[in-house]
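A quick write-up on the structure given underneath.
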Amino acid sequence: GSSMATKFNAISGLSHRDGYVYVSDRNSRKVKKTRTTDGYTELFFTVPEGQYPLGSTFDANGDFWLATFLSMACRIYRVTPNGVGAMVHNSPIQTFTDGTLLTVARSGTIEDLHFYNGAIYLTDYTFHRVRRLIADQMTTYAGSGVAHHADGPALQGGMYHPWGLASM
């Protein structure tokens, strides 16, 4: 419906592409898209029962990537431009490793995602890092994993519960 009639419960992420703003609405478990020209809003993606949508981004192919949270587990979905969605990553929060998207023990809650220069960057709120996904390889891009604020080289500097990323 119109932007004036559309209600959001708890906005937890925004992304944009081709004249639309995509809004993750955590408590309604939906992602809605709103046309920037007139505010018309419609359903884009419904997150499975019990999961909450968080950050999102688009890659160079036009695929929509969405992080969700479900009772101590992090999941990542990819939705193709023709609307077909699939979970591409499922990991408990208690562990942390680098590796392939299907085998990596990903760790904490992903609060935000951004696509830049062929990679998707993700905030790792629980383990105090920024992660980078290239093809199916997820690695630590920045942060030592220690909760502190400190300057230094990318993997030695500190951050405390990174929440968002600025567009690059």
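The figures follow:
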| read-out | value |
| --- | --- |
| Choice from 147, 135, 73 showing the highest fluctuation, given a GNM over the chain with Cα pairs closer than 10 Å | 135 |
| Charge context of residue 32, other residues only, Cβ under 13 angstrom, K/R +1, D/E -1 | +4 |
| Cleavage-rule hits (chymotrypsin sites (Phe, Trp or Tyr not before Pro)) in segment 109-162: DSSP loop, at most 16 neighbouring Cβ within 10 angstrom | 160 |
| Summed side-chain charge close to residue 17 - residues other than residue 17 whose Cβ falls under 13 Å, Lys, Arg +1, Asp, Glu -1 | -1 |
| Table column - 3J(HN,Hα) (Hz), segment 7-15, Karplus curve with 6.51, -1.76, 1.60, x for Gly and Pro | 10, 10, 8, 8, 5, 10, x, 9, 8 |
| Local electrostatic count at residue 8 - Lys and Arg +1, Asp and Glu -1, tallied over other residues with Cβ under 14 Å | +4 |
| The chain - percent relative contact order, Cα under 8 Å, separation 6 or more | 12 |
| Label-point gap, in nm, between residue 21 and residue 7 - each point 7 angstrom along Cα→Cβ | 2.0 |
| Computed accessible area, residue 56, all protein chains, 1.4 angstrom probe, square angstrom | 0 |
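The values are calculated or read from the model by the stated rules, or taken from the named source; none is laboratory data. Everything numeric in this text was worked out from a predicted model, so none of it was measured. Note that we place each Cβ from the backbone using ideal geometry, even for glycine, and neighbour counts take in every protein chain shown. When the accessible area is computed, the model is the full protein with side chains, heavy atoms only, and any ligands, DNA or RNA have been set aside. Shrake-Rupley method; radii C 1.70, N 1.55, O 1.52, S 1.80 Å.
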